[in-house]
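Throughout, read-outs are computed from the coordinates displayed, never taken from laboratory work. Because the structure is predicted, anything quoted here is derived from the model rather than measured. All Cβ positions, glycine included, derive from the backbone under ideal geometry; neighbour counts span all protein chains shown.
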Amino acid sequence: MPSNAHTNHSDDVAGETLTDGGLEGFNLFDPEVQQCPHAYYAEMQKESGVFETDVFGTPIYLVTRYEDVAACAMNPTTFSSRFDAGSMEGNSEYGRRSQELYDTEGGYERIGTLLTVDPPEHTRYRRLVSQAFTPKVIAQLEPTIRELTGELINQLISSTSQGTPVDFVEAFAVPLPVAVIAKALNVPDDRLADFKRWSDASVAGIGTNISIEERLAADREIIQFQKYFAAQLESRRDSPEDDLLTALLNATIDKDANEGIDSTPLEIAEMLSMIQQLLVAGNQTTTHLLGEMLLLLEEHPEEWKRLTSDPKYGSSVAEEALRLAAPTQGMFRVATEKTQIGSTTLPAGARVVLVYAAANRDPEVWNNPDEFQPAREAQAKHLSFGKGPHYCVGAGLARLEVRIVAEELGKRLSAISVTNRSELRYLPGFVLRGPERVEVVVNDKGGMNDG
Ligand code: HEM
C-alpha cells in the first residue's frame, strides 16, 4: 500500500510512495487501495501502461495511459460496452431470485440502453435521448440550481454558526444533484425522498461487493421506481407537459436520415432504462465531485482566495477538480477480438477497464499532473466524462452545477475549514470514487460566523 494512502488526492506524489511490494498483490477492489489509488496508477503508467490483474479469477486489463484510454474509448467496435453480456448472472442464485421478484412484483423488463450497448443500437438511443436532454433544457435549470445552491449554503452557514461541523456530503453534495435531476424529471417535492432511495438502489453494487439480499432489496426499490415513472409517462401520452418525460415519449428518428439506424420510437421499458441511467450516471458522480472540490479548495488557500475575490474563476476550479478527482474512475469494456494496446496483447473476450482517473494524471499530457492548478492550460482535455460515443450525456448539466456551486461558495463564504481531514475515508467502490464524509465549518462573508 502506498504510504500516503490516507492523504488527499492533490498531494499524492504519484509513484514515489509505493512500498517495496510495488504493484504485487494489487487488488482493484480492495477498499484500502481505493483510499489512494493514484500512486498505483502512476506505477502502471511507468511500466507498459496496461496492467493485468485478477478479479475473482477473471483477468482484467487496466488501461492507464491517456492516449491508450482515449483510443479505446473511440473504438467501440473492438472495445465493446456490452461488458455484462455473457455474464452468468441469469443462472446465478441472485439472477434467478431477481427474475422471480420482477415477475411477481410486475417489474418492467430490464433493457440495456445507453451505457451498456454499442453502435448502431447505441446510436438510436443516443439520438433519441439527445432530443429530450438538450442544451436548452439544461440551461433552463440554471436558476433552479442557483436557488437550491443558495439555500444549501444558507443552511451550512446557520448550522455551523456555533462552530459545530456538519458533513458537507450529506448536507450539500447529496441533496443538490438529486434535487436538480428530480426537477429535470418533474418529480414533485413530496416524492424526493423516494427518488433518492431509487437513485441509491440504482447504483448499489457498482464496482463493489454487496450480498444477494442487499441486491434484492435494491431491486425492490427499482421496481417501485419503474412503476412510478411508467405511470408518469403513460399520463403524458394523454396530457403532454413541457418536460423531459414528454420529450422522451415524443422523440423520433428521422427515417430519411437514419443511416440504417432502427427508427422505432422508444418503448416504456426503454425509457425507464434511460431514466434510470440518468440517475445512475448523474447523482453519485456529481455528489463525489462536489465533496472533492471542497476538499481541494480548502487545501489550497491561494486558490480559495482567488475564487472569493473572483467567483468567475469557478469554472476553472470546477474543471480542474474534475480532472484531478475523476468521480467515475474507470469504465468497463470487453475486447471483441484479439487486440494490442502498446506492448500488451489482449485475447478476444478480455475484460478491460479504461481508467479515466489514471489518464487524467498522465505526465505525458500535463505538467505536475498531481497538482491542483485551476489556471493550467488544456485542463478540459481530461477524460472524466469519457470520450467517443459514450461521452457523458449529462456533462453539460454536471459542469453547470459544479461551476455554480464554486461561484456561489466564492461569492458567499470567506472561509471553509475541513475538520475531519486526518480521518478522511473514501467509499470502497472502484467505479464511483468519492469521500464518505467531509466535515466542515464555514464563515460567511457577512461575518455571521466570524470569530
Ligand atoms: C461529475 C459528474 C459526472 C461524471 C464524472 C460523469 C461521468 C461519465 C462518464 C465517464 C461516462 C462515460 C461512460 C463510458 O465511458 O462508458 C458517462 C456517461 C453517461 N453519463 Fe455521466 N457523468 C457525470 C454526470 C452525469 C449527469 C448529471 C448525467 C445525467 C443527468 C449523466 C448521464 C450520463 C449518461 C446517461 C451516460 C451514458 C452515455 C452513453 O453511454 O451514451 N452523467 N458519464
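Can you compute the charge dipole magnitude of the chain about its Cα centre, using +1 on each Lys and Arg Cβ and -1 on each Asp and Glu Cβ, nothing else charged? Give it in debye, rounded to the nearest 20. Using Cβ point charges on Lys, Arg, Asp and Glu, the chain gives about 760 debye.
Once both labels are positioned 7 Å from their Cα atoms along Cα-to-Cβ, the gap between residue 395 and residue 211 label points is 4.1 nm.
Compute the distance from the alpha-carbon center of the range 92-160 to that of the range 245-324, in whole Å. Cα centroid to Cα centroid, the span is 10 Å.
If only the Cβ of Lys and Arg carry +1 and only the Cβ of Asp and Glu carry -1, the dipole of the range 70-223 around its Cα centre is close to 620 debye. If the viscosity is 1.002 mPa s and the temperature 20 °C, what Stokes-Einstein diffusion coefficient in µm²/s follows for the range 189-330 when Rh is the Kirkwood radius over Cα pairs? Result for D is 116 µm²/s. Between residue 337 and residue 170, the modelled labels are 5.3 nm apart [label points 7 Å from Cα along Cα→Cβ]. Among 196/227; 183/445; 196/411; 46/387, which pairs are too far apart, with a Cα-Cα distance over 25 Å? Checking Cα-Cα distances, 183/445; 196/411 exceed 25 Å.
Using Cβ point charges alone (K and R +1, D and E -1), the dipole size of the range 222-375 about the Cα centre works out to roughly 420 debye. What value, in deg cm²/dmol to 500, does the helix sum -39500 (n - 2.57) over DSSP H runs of n ≥ 4 give at 222 nm once divided by the residues of the chain? Calculated mean residue ellipticity at 222 nm is -14000 deg cm²/dmol. Cross-link partners of residue 312 among aspartates and glutamates, defined as those whose alpha carbon lies under 12 angstrom from its own and excluding same-chain residues fewer than eight positions apart: 407, 408.
For the range 132-255, the gyration tensor built on C-alpha atoms gives an oblate shape. Its axis ratio a/c (a ≥ b ≥ c) is at least 1.5, and a/b is not larger than b/c.
Of the residues 390, 330, 427, the one whose Cα sits farthest toward the positive end of the charge dipole of the range 315-451, with +1 on the Cβ of Lys and Arg and -1 on the Cβ of Asp and Glu, is 390.
Ranking 169, 130, 104 by Cα position along the charge dipole of the range 84-175, where only Lys, Arg, Asp and Glu carry charges on their C-beta atoms, puts 130 farthest toward the positive end.
Note on residue 338: no lysines have a C-alpha under 20 Å away, same-chain residues under 8 apart excluded. Note on residue 381/residue 241: beta-carbon distance plugged into 1/(1 + (r/R0)^6) with R0 of 35 Å gives a FRET efficiency of 0.35. Computed over all pairs of different Cα atoms, the Kirkwood value for the hydrodynamic radius of the range 270-379 is 16.4 Å.
Projected label points at residue 344 and residue 151, each 7 Å from Cα along the beta carbon direction, are separated by 4.7 nanometres.
Each of 283, 304, 230 was placed along the dipole of the range 177-311 (beta-carbon charges, centred on the mean Cα), and the one lying farthest toward the positive end is 230. Anisotropy class assigned to the chain is oblate, per the alpha carbon gyration tensor with a/c at or over the 1.5 cut-off and a/b no larger than b/c. Restricting the trypsin sites (Lys or Arg not before Pro) of the range 364-393 to loop positions (DSSP other than H, G, I, E, B) with no more than 16 neighbouring Cβ atoms within 10 Å leaves 376.
The length gained by stretching the chain between residue 142 and residue 191 to full extension, at 0.36 nm per residue less their Cα-Cα distance, is 15.5 nm.
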